[in-house]
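Novice: Before I ask anything, let me first share the structure, which is written out below as structure tokens.
The values are calculated or read from the model by the stated rules, or taken from the named source; none is laboratory data. For clarity, every value in this text was computed on a predicted model and none was experimentally measured. Methodologically, a virtual Cβ is constructed for each residue, glycine included, from the backbone with ideal geometry; neighbour enumeration extends over all protein chains shown. Accessible surface is based on the protein model in full, side chains and every heavy atom, while ligands, DNA and RNA are left aside. Shrake-Rupley method; radii C 1.70, N 1.55, O 1.52, S 1.80 Å.
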Amino acid sequence: MKNFLCLLLMAFVMACQSLPTIHPSGSGEIHFDCADPFTKHPYRFVHAIEARMPGDVRSSVIGITLVEPAGRFISCAIITAEGMTLWEAESSASGTIIHRALPPFDSARVSQNMLEDIKLVFLPPQGQLYQKGYLSDESKVCRYQEENGDWVDVKENKSGNVEIGLYSSSGALKRQILFKKIAKDIYQSIELQADAIFDYLLLMTLIDAQPIEQESKVNANID
Amino acid sequence: MLKKNYVRLFVFACLLGGLLLTAQNAVTADTHFEKLRLESAKIKTMQADFTQKKFMKILSRPLVSEGRFYYDAPDSFRWEYMTPLRSVVISRSNKTRRFIYSDGKMVEDKSGGAQGMQIVLNDVSGWISGRFDQNPSFNASITEGVNTTITLTPAEKNMAGFIQKIEIVLSPKTATVQSVKIIEDANTFTHIEFHNVQTNKIINPAVFQDVR
């Protein structure tokens, strides 16, 4: 009986999860460009990443991301402050390659989730624009539906900060990304909140950003 | 048949030659390591600044970190990064703790990362006290030249998967560690150089206890 009640409660909670409602502006007209925080050119970013996990466990690493938006190519690495490479992987249209994965990154699922998080931060949604309008807090939002049924909301709030929300096909919030508008570079300060079986918050602070020249990009990626 | 025997003989000769050479080197290396241990026994405390450069294929230029380290024999250690990511590892009486900069202050990293660092720091303490050949996880060899270079290669296959070798260069005058190069693979290595090295200068014990 107790289990049944738990299941019923879970079903009720799941049923309550839904995408935020989008409505037109007061005048009913929607005239704005969708927020576009994504890099347009090949770039290399180095971030200090603080991870906060349940139980107020905090740790920090350095993340290196090489993004080539045209080919949706991402190459990334996570290293400790002491210089040890914990994880190194790349993703492109032709698939994913994990070059190195030491604990706690040594499972295919963790690697895949990390690559998906990185793509969500740096690459625009692949899906079609589904809806455009305003949220109840007057943020401008553009909603995309991905091929797997997930929804991606790219929104700009009244103070100019850009946020990304990733929702499951049933409307459950999976990821929330906030690009803090504290400097000229939109990648200066990023917060990524994961709502999953294992919740975590990543606070990313930019250490270095370099545009990739064609020559160095080739040297960096293709041997 | 004859060809097969030649091959066997050749292989045997190579193996025997290899064994003799290794044995001869082992005797020489043991002497060198013993000499280093005697030299290093004079070091009671050590402190230095360091510059760490991380080289990777994904990086067009090395990622440079700077920090300071303190050592008090036999087992007190502080390894502190100032830039670009502030973090401190302190170790005293075999208890290692790691701190990170968060919300404007240093907070303890309880994710388990410090345990891994404890293993590394035990090795570093060993190197400072000249015990280069005492860790069974590595095979140690020594090359004498302008500088003395110790090369550590993983003894176990598991470790070889993520560290190919470690090269430690010693200062010719003081036999203290001048630089460390940790080679993960053909494209990935970390080079740490020590500067402003001071030995046998009294270090406040709070350095190994307090992180602010």
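Novice: Ranked highest first by average number of other Cβ atoms within 10 Å, how do B:163-174, B:87-98 line up? Could you put the intermediate results ahead of the total?
Specialist: On the way: B:163-174: 16.6, B:87-98: 19.2.
Highest to lowest by the protection proxy: B:87-98, B:163-174.
Novice: I've got another one for you. Between B:S60 and A:M53, what is the label-point separation in nm under the 7 Å Cα-to-beta-carbon projection?
Specialist: Going from the A:M53 label point to the B:S60 one covers 3.5 nm.
Novice: Also, quick follow-up: Along the charge dipole of region A:41-221, which of A:A70, A:T80, A:I98 sits closest to the positive end, that is, farthest toward it, with unit charges on the beta carbon of Lys, Arg, Asp and Glu (+1, +1, -1, -1)?
Specialist: In region A:41-221, that residue is A:A70.
Novice: Report B:H32's accessible area, 1.4 Å probe, all protein chains in place, as a number in Å² to the nearest 10.
Specialist: Probe radius 1.4 Å; accessible area of B:H32 about 50 Å².
Novice: Figure the gain on full extension for A:Q188 and A:A70 (residue separation times 0.36 nm, minus the Cα-Cα span) and round it to one decimal in nm.
Specialist: On the way: separation 118, 0.36 × 118 = 42.48 nm, distance 2.22 nm.
Stretched fully, the A:Q188-A:A70 segment lengthens by 40.3 nm.
Novice: On average, how many beta carbons from a partner chain sit within 10 Å of the beta carbon of a residue in B:51-63? Write out the running numbers ahead of the final one.
Specialist: Values: counts 0, 3, 1, 9, 1, 7, 9, 15, 9, 9, 4, 0, 7.
So the per-residue partner count for this stretch is 6.
Novice: Quick one: how many Å² of A:C34 are accessible to a 1.4 Å probe, rounded to 10?
Specialist: Around 40 Å² of this residue is reachable by solvent.
Novice: Here's a follow-up. Roughly what would the spin-label model give for A:R109 and A:S168, points 7 Å off Cα along C-beta, in nm?
Specialist: About 1.3 nm, to one decimal.
Novice: Report the residues of region B:70-104 in range of a label on B:K110: point 7 Å along Cα→C-beta, backbone N strictly under 17 Å from it.
Specialist: Counting only backbone N, you get B:96-103.
Novice: Which FRET efficiency value, to the nearest 0.05, is calculated for A:S94 and B:S171 with the Förster distance at 56 angstrom and r the Cβ-Cβ distance? Write out the running numbers ahead of the final one.
Specialist: Details: r = 49 Å, r/R0 = 0.88.
FRET efficiency, A:S94 to B:S171: 0.70.
Novice: In a Gaussian network model over chain A where Cα atoms closer than 10 Å are linked, find which of A:P125, A:P104, A:P24 has the largest mean-square fluctuation.
Specialist: For chain A, modelled as a Gaussian network with Cα springs under 10 Å, the answer is A:P104.
Novice: Here's something else I'd like to know. Could you sort out which of A:K119/B:K157; A:K40/A:K181; A:K132/A:K181 sit more than 25 Å apart by Cα distance in this structure?
Specialist: Values: A:K119/B:K157 34 Å; A:K40/A:K181 18 Å; A:K132/A:K181 22 Å.
From the list (A:K119/B:K157; A:K40/A:K181; A:K132/A:K181), the Cα-Cα distance tops 25 Å for A:K119/B:K157.
Novice: Rounded to the nearest 0.05, what FRET efficiency do B:S137 and A:S159 have when you use their Cβ-Cβ distance and R0 = 45 Å? Write down the numbers at each step before the final one.
Specialist: Details: r = 53 Å, r/R0 = 1.19.
Approximately 0.25, to the nearest 0.05.
Novice: What does the extension gain come out to for A:L201 and A:S136, with contour length at 0.36 nm per residue minus their alpha carbon separation?
Specialist: Values: separation 65, 0.36 × 65 = 23.40 nm, distance 2.49 nm.
Result for the pair: 20.9 nm of gain on full extension.
Novice: Given H placed 1.01 Å from N in the peptide plane, which residues other than close sequence neighbours of B:K165 have an amide H under 5 Å from its amide H?
Specialist: B:I183
Novice: Here is a follow-up. How large is the convex hull of the Cα atoms of chain A per residue, expressed in Å³ as a whole number?
Specialist: Numbers: hull volume 36.0 nm³, N = 223.
Residue-normalised Cα hull volume stands at 162 Å³.
Novice: Which distance in nm do the two modelled labels at A:H41 and A:Q128 give, with both placed 7 Å along the Cα-to-Cβ direction?
Specialist: 3.3
Novice: If you plug each phi of region B:131-144 into the Karplus form 6.51 cos²θ - 1.76 cosθ + 1.60 with θ = phi - 60°, what whole-Hz ³J(HN,Hα) values come out, in order, with x for Gly and Pro?
Specialist: For region B:131-144, the Karplus-derived couplings read 8, 6, 9, 9, 8, x, 6, 10, 9, 10, 10, 10, 10, 8 Hz, x marking Gly and Pro.
Novice: Keeping all protein chains in place and using 1.4 angstrom, which order do A:K155, B:K54, A:K140, B:K105 fall into by accessible surface area, from largest down? Let's see the in-between values first.
Specialist: On the way: A:K155 25, B:K54 5, A:K140 75, B:K105 115 Å².
The ordering from most to least exposed comes out as B:K105, A:K140, A:K155, B:K54.
Novice: Another question, then. Which Cα, out of A:T21, A:V110, A:S159, lies furthest along the positive dipole direction of chain A (beta carbon charges, K/R +1, D/E -1)?
Specialist: Farthest towards the positive end: A:T21.
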